[in-house]
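Since the structure comes first, as structure tokens, the remarks are kept for the end.
The values are calculated or read from the model by the stated rules, or taken from the named source; none is laboratory data. The model shown is predicted, which means the values in this text are computed figures rather than measured ones. Don't worry about glycine lacking a Cβ; one is built from the backbone with ideal geometry, like all the others, and counts go over all protein chains shown. When the accessible area is computed, the model is the full protein with side chains, heavy atoms only, and any ligands, DNA or RNA have been set aside. Shrake-Rupley method; radii C 1.70, N 1.55, O 1.52, S 1.80 Å.
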Amino acid sequence: MPQSLWEEVTRKRSDIRIMAGKVKWVTDIEKSVLINNFEKRGWVQVAENEDWNFYWMSVQTIRNVFSVETGYRLSDDQIVNHFPNHYELTRKDLMVKNIKRYRKELEKEGSPLAEKDENGKYLYLDFVPVTYMLPADYNLFVEEFRKNPSSTWIMKPCGKAQGKGIFLINKLSQIKKWSRDSKTSSFVSQSTKEAYVISLYINNPLLIGGKKFDLRLYVLVSTYRPLRCYMYKLGFCRFCTVKYTRSTSELDNMFVHLTNVAIQKHGEDYNHIHGGKWTVSNLRLYLESTRGKEVTNKLFDEIHWIIVQSLKAVAPVMNNDKHCFECYGYDIIIDDKLKPWLIEVNASPSLSSSTASDRVLKYGLVSDTLNIAVPGGMVPDCRWNKSPPKEVLGNYEILYDEELAQGDGADRELRTRSSQSLGSKGGRSRDPGRTISTSWK
């Protein structure tokens, strides 16, 4: 064999040996915050049809991976960034359905968590606005609407994101018009019509500078059974560009009502430097100075409570595949009484950057997520116990660990929340073993 050819073969063999110990990655989401993170770790890009260890994929692709017809068996050294049926949490209609089922089950068990007030409202599990599915629940919705005909409702297509297809209504005739415009004459035929959810609009949002905002919080789930989830400390607020008003004449003005950056960036007053965003730590400082530390702590404890309860609601129906982890984007709105409301959960929170600080945040988010999902940046082994040491968490902190909770008897939270934590929800009992500590853990 000629010398040059021998050298080439030797070099290729050497490259193969080096590659064998490196994570081989694929993605169908061409975002620099992903690719830069993979390259920084010295991981090797391969094609989808080659052997890969790590695939950061879109929700459309995950459907194919786990589908009965087109799916394939994943090996122990392969992991992906979605659970097979993540939509149980991330589709607006299914999220509500699962939370309603969870509340009913707790009620059946006689859990104090499912306690209601004299008006029939849940005392501790009332964190999702009243919601109906359309067309299926049309008659139930009409009944509810007629009880309070001056209310405003928000309609959203179940399977869309970034504010697409959303509108507000305050008259039944507007729904009938929508129905006609959707090319169906009745609410009976469900197969021909895209499913929508209609929710009571939170018309008393907390305003800062006269503007409505929501919170985008990142939550990583490494396993559902036992449930182990992490909260990212660097969430942010997204502000509308136009001052809020309840005026019915502005119901169609999405710059007043919808906080999605995909919508607000087209507004005349959109600021390209800060992107209409505030860090969660800024919000916390603002609330501590205007409302006090105790009520601010209480608010954030309630937000953590909402997130954990929503995950517990879907855990029994989630396909807890050992090859999967997932980073969710939680959208929370705070009303003027400082009550947080869960609006929706996103399976693929945007990794696009609208500002320089956005880019830094999202690069760090992906980096910290990979440190937990792929320990040591080594070829994954999905048989590991998915409980990384505290020093690798970065800006994540453990929000809830079911194994820890059961081990130290702290799953009393389901029994003690009503008697202890809700008497003084603001009390943050610091436990050296956990970063986010509340009395319900």
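Laid out as a table, the results:
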| quantity | calculated |
| --- | --- |
| Qualifying position, being buried (at least 20 other Cβ atoms within 10 Å of the Cβ) and closer than 21 Å to ALA373 by Cβ, among LEU106, LEU125, LEU89, LEU74 | LEU89 |
| Selection from the stretch 138-181 of residues that are modelled with pLDDT of 85 or more, in contact with a strand residue (DSSP E or B) (Cβ under 8 Å, 6 or more places away or on another chain) and farther than 25 Å from ARG246 by Cβ | TYR138, LEU140 |
| Among the candidates SER310, SER367, SER354, residue that is more than 19 Å from ILE208 (Cα to Cα), at pLDDT below 95 and not in a strand (DSSP E or B) | SER354 |
| Within the stretch 209-236, considering residues that are in a strand (DSSP E or B) and among the charged types (D, E, K, R), the one surrounded by the fewest Cβ atoms within 10 Å (Cβ to Cβ) | LYS211 |
| Residue satisfying all of: in the stretch 42-70; touching a helix residue (DSSP H, G or I) at 6+ places or on another chain (Cβ under 6 Å) and modelled with pLDDT of 95 or more; surrounded by the most Cβ atoms within 10 Å (Cβ to Cβ) among these | TRP56 |
| Criterion violated by LEU113 - all others in (1) aliphatic (A, V, I, L, M); (2) under 23 Å from ALA347 (Cβ atoms); (3) open to solvent by less than 10 Å² (accessible area, probe 1.4 Å); (4) not in a strand (DSSP E or B) satisfied | (2) |
| Residue match in the stretch 374-381 (condition: under 30 Å from CYS158 (Cβ atoms) and at pLDDT 85 or above) | no |
